[in-house]
Each structure stands twice: as structure tokens, then as C-alpha cells.
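So the structure is just underneath, and the comments pick up after that.
The values are calculated or read from the model by the stated rules, or taken from the named source; none is laboratory data. As the structure is a computational prediction, the values presented were derived from the model and not from experiment. Don't worry about glycine lacking a Cβ; one is built from the backbone with ideal geometry, like all the others, and counts go over all protein chains shown. Accessible surface is based on the protein model in full, side chains and every heavy atom, while ligands, DNA and RNA are left aside. Shrake-Rupley method; radii C 1.70, N 1.55, O 1.52, S 1.80 Å.
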Amino acid sequence: MRRSAVTRKLAVYGGATIVAAAAAAGGLTYLSTPARSPSQLEYLPVGTAAAASPDPAGGIEFAGETVGAEPTSFVAVVGNWVIGVDGDKRVLVVDGRKWEEGQPAAGLADKARAIYGERYAEFLDNVQSYAYFPYAVAKGVDDFKGGEIALRFKPIAGRIDQGAGILFDLKPNGDYLTLRANALENNLVLWQVVHGKRSSVEWVKGTPDLTPQWHDLKITVNGTRVEGYLDGKLYLTHSLPEPVSGHVGIWSKADSVVYFDDFAVKPAN
């Protein structure tokens, strides 16, 4: 099948469509039926969809985003983040099948400037030096100091990892915290990344298996106290050495292919 310059290759996993590569121009529609194993699809270029308005307080959804493009409601900093389709709903996809350790997202300098303005240089240098874990920063939340961050995730594929996490306390030097679940492990972990080095802060073993279905991940921050919830159940509690203050977003790892939706931030009163 011949493909034009504006087409993309798509793959299907368990009935959910994800985008594997960027197009030269334009958006997509596709003609397909759900399949249980990867397959080639036919698709047609269409006009660009209207961008979704970032609304973390009410929950970010992706209905107005363009399939195959980077999200407009998040800034892709490390890794390949695109809008995909799960059933009849558009979702945010981290596609780690072409993951390369140390490779930041395209156009990082402009993205760093969008996050930190004229203070972007330090952030840019540190991300370029320590681009080990895919993450995307939510627009509209410049300084989360406490409250609740929640999202839904669906693990799809990944031989090394199938990680889904909430990133918070992102500093101008690139340091951050993340609460993450992993469909290949039965644990929930609070990590810190300092000068590019990741270390565990709190580790909880024995969480339930994560099937390729939609799951809920939530973190609450009250002063220095952090609580981590998976599918509505409290598993993790920890006291940080100091309160948090920084940007927030979505985190993943290595070759993970994971869908995300309903990212919401509720600041403390």
C-alpha cells in the first residue's frame, strides 16, 4: 500500500489505536476495526482539529486534540507523546517503542522557554544531560504547592517497563518527584530525581496486578505529607523533608506504551 507524505503508521493493541510516527503535515482519520494483535491500518489525512483548552482543575481531556500530533495541553519534554485513540475516545499516549535513553523530545528549547520563560536555560541544560525518563508537563499549573493530582492510565505494551506516573514538584533545575505504578511489577513507588539520578523515597510492595484496562492513580499532598492511591485504595504514605512547589505532569519509563486520560489537579484550599 502506497502512503503519502502526510500519512502515519498506526498500530492496534487489544482494540486501541496508537500512533507510531509523526506525519509531515495535517491530521488523520483512520479506517479500521479493533484487533487483538498489531496490524497495519488504512487512513486518510484530514484537517487539524481544534486544540484542547488546558483545564487541569476540571480535568484535561483530549477530545479536541489532533490524532497523531503532540498534545497541546501538555509540553512533551522527554520521550514520544502523541494523541491516540482508544475506542471512540482520544487519549494521550506515551509511545516508548522507539525510546532511546538520553533523548529529549523534539523542539526542547522552545518547550523549556514555554515552561520557564527567560529562566529556561538551566532547565534545558539539565534535561539534555539527564533525559532518561519520558515525561510531559501539564500547561496551566505553574506552581503546585499541595492538593490532589489524579489521572487514569491503561498499560498497553512494553518489554522493559509499562510505567505510569504522576510527576510533581518539578524544579527549574529539572529535579522532581513522581508517584508511579508499573504493570510489570506489583508495587507503588514514590521516586525522586535529583541531578538526573533517580532514587526511591517510599516503596510499597504487593499491589494488585495491573491488567490492560483503565486504572486510577492519585496523589494527595498536604504540607509535607504525601499519600498515594491506586484504583481508589490508599497504599503509600510518606513525609517529605520540605513542602513541594513546582510544575506537574505525567511520567513514564523506557519502552512503555501507556494511554492516559482525565488528568486533573485540585489545589489545596
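Tell me, rounded to the nearest percent, the portion of alpha carbon pairs in the range 176-269 spaced more than 21 Å apart. Every Cα pair in the range 176-269 considered, those over 21 Å come to 31 percent. Peptide packing: for 66-79, 213-226, the average count of neighbouring Cβ atoms within 10 Å per residue gives the ranking 66-79, 213-226, highest mean first.
Near the amide H of residue 194, within less than 5 Å, lie the amide hydrogens of 199, all on another chain or at least 5 residues away, with H placed in the peptide plane.
Normalised by 2.2 N^0.38 Å, where N counts its residues, the alpha-carbon radius of gyration of the range 124-183 equals 1.24.
Each residue of the range 234-248 was assigned a 3J(HN,Hα) from its phi angle through the Karplus expression (A = 6.51, B = -1.76, C = 1.60, θ = phi - 60°), giving 6, 10, 10, 9, 7, 10, 7, x, 7, x, 8, 6, x, 6, 9 Hz with x at Gly and Pro.
Relative to the Cα centre, the charge distribution of the range 46-195, modelled as +1 at Lys and Arg Cβ and -1 at Asp and Glu Cβ, gives a dipole magnitude of about 240 debye.
For a Förster distance of 30 Å, can you work out the FRET efficiency between the beta-carbons of residue 109 and residue 159, rounded to the nearest 0.05? E between residue 109 and residue 159, to the nearest 0.05, is 0.40. Amide H contacts for residue 253 (H built 1.01 Å from N in the peptide plane; partners 5 or more residues away or on another chain; cut-off under 5 Å): 163. Going by accessible surface with a 1.4 Å probe and the largest first, 118, 101 read 118, 101. Max-minus-min Cα coordinates of the range 69-217 on each principal axis give 44, 37, 32 Å, with the largest extent listed first. Sorting 178, 211 by accessible area puts them as 211, 178; the probe is 1.4 Å, largest comes first, and only protein heavy atoms count.
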